[in-house]
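Trainee: First, the structure itself, so that you have it in front of you.
The values are calculated or read from the model by the stated rules, or taken from the named source; none is laboratory data. For clarity, every value in this text was computed on a predicted model and none was experimentally measured. Please note: Cβ atoms are built from the backbone with ideal geometry, for glycine as well, and neighbour counts cover all protein chains shown. The protein model used for the area step is the full one, side chains on, heavy atoms only, and it has no ligands, DNA or RNA in it. Shrake-Rupley method; radii C 1.70, N 1.55, O 1.52, S 1.80 Å.
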Amino acid sequence: MDERTRCAGLVRCAWGDSAPEYVAYHDEEWGTPLHGDDALFERLCLEAFQSGLSWITILRKRPAFRAAFAGFSIDAVAGFGAADEARLLADAGIVRNRAKIAAAVGNARAAQRVPEGLSALLWSFAPTAPRPRPATLADVPATSPESTAMARELKRRGFAFVGPTTAYALMQATGMVDDHVTTCFRAR
């Protein structure tokens with residue numbers, strides 16, 4: 001146990017103590033049920049931008065992402081054009097990946113076409129049956145049947161950068177699944 005954990009008297013999932021940003025994210029956000037179309041659109045975008053990178057990189061750049069992507073308002077991002085994409089590619093505060101930027105804009109447009117709303121669509125894939133709590137991080141899966149189904153449906157509806165692993169990470173981050181390990185103080 002490191003000094004922060006001992007001092008706070010809290011035991012976290014192992015990754016939750018590795019950096020100050022992770023402590024705050026683990027304790028205040030990860031695994032907490034999140035609803036709302038724009039809020040879930042932000043998380044979907046950030047999970048896509050994280051692909052191939054560490055999550056700490058995204059957490060540290062999140063304020064810049066929010067500024068660059070108009071607070072992740074679906075309607076605002078859906079209205080982005082070529083000049084906006086060029087602006088984003090020049091923004092050193094975010095991950096400057098042409099395909100991921102284009103996916104975020106395209107995903108905003110796809111989200112506008114979801115009649116039930118993005119939040120309702122994503123939450124429709126949350127498992128309803130009880131699941132065993134992981135004892136260690138090694139017990140946490142990278143995908144699930146639900147995340148595979150979510151990714152398939154999102155792709156069918158025109159979304160990009162939404163594979164089963166990204167979908168599962170989204171489900172974990174937004175409380176659709178609870179993967180806090182048994183010893184973690186956040187385990188429900």
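Trainee: Does Glu21 count as under 24 Å from Ala138 (Cβ atoms), open to solvent by 50 Å² or more (accessible area, probe 1.4 Å) and not small (Gly, Ala, Ser)? Spell out how you get there, then give the answer.
Mentor: Details: under 24 Å from Ala138 (Cβ atoms): yes; open to solvent by 50 Å² or more (accessible area, probe 1.4 Å): yes; not small (Gly, Ala, Ser): yes.
For Glu21, the condition - under 24 Å from Ala138 (Cβ atoms), open to solvent by 50 Å² or more (accessible area, probe 1.4 Å) and not small (Gly, Ala, Ser) - is met.
Trainee: Please pick out the residue among Leu34, Leu46, Leu40 that is in a loop (DSSP other than H, G, I, E, B), out of contact with any His (no Cβ under 6 Å at 6 or more places or on another chain), open to solvent by less than 50 Å² (accessible area, probe 1.4 Å) and under 19 Å from Ala111 (Cβ atoms).
Mentor: Values: Leu46 fails: in a loop (DSSP other than H, G, I, E, B); Leu40 fails: in a loop (DSSP other than H, G, I, E, B).
Criteria check complete, one pass: Leu34.
Trainee: Further question on the same structure: Say whether the condition of being over 25 Å from Tyr22 (Cβ atoms), in contact (Cβ under 8 Å) with a residue 40 or more places away in the chain, assigned to a loop (DSSP other than H, G, I, E, B) and open to solvent by 20 Å² or more (accessible area, probe 1.4 Å) is met by at least one residue in segment 105-119. Give the steps one after another, and end with the answer.
Mentor: Quick first cut of segment 105-119, residues over 25 Å from Tyr22 (Cβ atoms) only: 105-119.
Cutting the leftovers down to in contact (Cβ under 8 Å) with a residue 40 or more places away in the chain gives us 106-111, 113-114, 117-119.
Those left that are additionally assigned to a loop (DSSP other than H, G, I, E, B): 113-114, 117.
Still in the running and open to solvent by 20 Å² or more (accessible area, probe 1.4 Å): 113.
Yes, segment 105-119 contains at least one residue that is over 25 Å from Tyr22 (Cβ atoms), in contact (Cβ under 8 Å) with a residue 40 or more places away in the chain, assigned to a loop (DSSP other than H, G, I, E, B) and open to solvent by 20 Å² or more (accessible area, probe 1.4 Å).
Trainee: Being over 24 Å from Ala104 (Cα atoms) and either touching a residue at least 24 places away in the same chain (Cβ under 8 Å) or in a loop (DSSP other than H, G, I, E, B) (or both) narrows it down to one residue among Ala129, Ala142, Ala138, Ala167; which is it?
Mentor: Numbers: Ala142 fails: over 24 Å from Ala104 (Cα atoms); Ala138 fails: either touching a residue at least 24 places away in the same chain (Cβ under 8 Å) or in a loop (DSSP other than H, G, I, E, B) (or both); Ala167 fails: over 24 Å from Ala104 (Cα atoms).
Of Ala129, Ala142, Ala138, Ala167, the one residue that is over 24 Å from Ala104 (Cα atoms) and either touching a residue at least 24 places away in the same chain (Cβ under 8 Å) or in a loop (DSSP other than H, G, I, E, B) (or both) is Ala129.
Trainee: Right, next: Restrict the check to segment 57-69 and report whether at least one residue is open to solvent by less than 50 Å² (accessible area, probe 1.4 Å) and under 22 Å from Gly158 (Cα atoms). Break it down stepwise before answering.
Mentor: Narrowing segment 57-69 to residues open to solvent by less than 50 Å² (accessible area, probe 1.4 Å): 57-59, 62, 64-65, 68-69.
The next check asks that each one be under 22 Å from Gly158 (Cα atoms); those that pass are 69.
Checked against the condition, which is being open to solvent by less than 50 Å² (accessible area, probe 1.4 Å) and under 22 Å from Gly158 (Cα atoms), segment 57-69 yields at least one hit.
Listed here are the residues, each with its yes/no results for (1) among the β-branched types (Val, Ile, Thr); (2) more than 18 Å from Gln172 (Cβ to Cβ).
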residue	(1), (2)
Cys13	no, no
Asp27	no, no
Thr32	yes, no
Ala48	no, no
Pro63	no, yes
Ala68	no, yes
Val77	yes, yes
Phe80	no, yes
Asp84	no, yes
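Trainee: Show the residue pairs that are 6+ apart or on different chains and have beta-carbon atoms under 8 Å apart, the first residue being within segment 69-92 and closer than 26 Å to Val114 by Cα, the second being open to solvent by 30 Å² or more (accessible area, probe 1.4 Å) and not in a helix (DSSP H, G or I).
Mentor: Leu88/Arg96
Trainee: For the structure I just gave you, tell me whether Phe80 is out of contact with any Cys (no Cβ under 7 Å at 6 or more places or on another chain), open to solvent by less than 30 Å² (accessible area, probe 1.4 Å) and part of a helix (DSSP H, G or I). Working first, answer last.
Mentor: Working: out of contact with any Cys (no Cβ under 7 Å at 6 or more places or on another chain): yes; open to solvent by less than 30 Å² (accessible area, probe 1.4 Å): yes; part of a helix (DSSP H, G or I): no.
When the stated conditions are applied, Phe80 does not pass them.
Trainee: Looking at Ala48, Ala103, Ala39, which is the one that is over 14 Å from the mean Cα position of the chain (by Cα) and of a type in the set (Gly, Ala, Ser)?
Mentor: Numbers: Ala48 fails: over 14 Å from the mean Cα position of the chain (by Cα); Ala39 fails: over 14 Å from the mean Cα position of the chain (by Cα).
Result: Ala103 is the single residue among Ala48, Ala103, Ala39 that is over 14 Å from the mean Cα position of the chain (by Cα) and of a type in the set (Gly, Ala, Ser).
Trainee: To continue, here is another question. Check whether at least one residue in segment 90-97 is open to solvent by 40 Å² or more (accessible area, probe 1.4 Å) and in a helix (DSSP H, G or I), and report yes or no. Working first, answer last.
Mentor: Keep residues of segment 90-97 that are open to solvent by 40 Å² or more (accessible area, probe 1.4 Å), which gives 90-92, 96-97.
Remaining after also requiring in a helix (DSSP H, G or I): none.
No, because not a single residue in segment 90-97 is open to solvent by 40 Å² or more (accessible area, probe 1.4 Å) and in a helix (DSSP H, G or I).
Trainee: If you check His26 against the conditions, is it modelled with pLDDT of 95 or more, in contact with a Cys (Cβ under 7 Å, 6 or more places away or on another chain) and within 30 Å of Gly106 (Cα to Cα)? Lay out the reasoning, then the answer.
Mentor: Values: modelled with pLDDT of 95 or more: yes; in contact with a Cys (Cβ under 7 Å, 6 or more places away or on another chain): yes; within 30 Å of Gly106 (Cα to Cα): yes.
For His26, the condition - modelled with pLDDT of 95 or more, in contact with a Cys (Cβ under 7 Å, 6 or more places away or on another chain) and within 30 Å of Gly106 (Cα to Cα) - is met.
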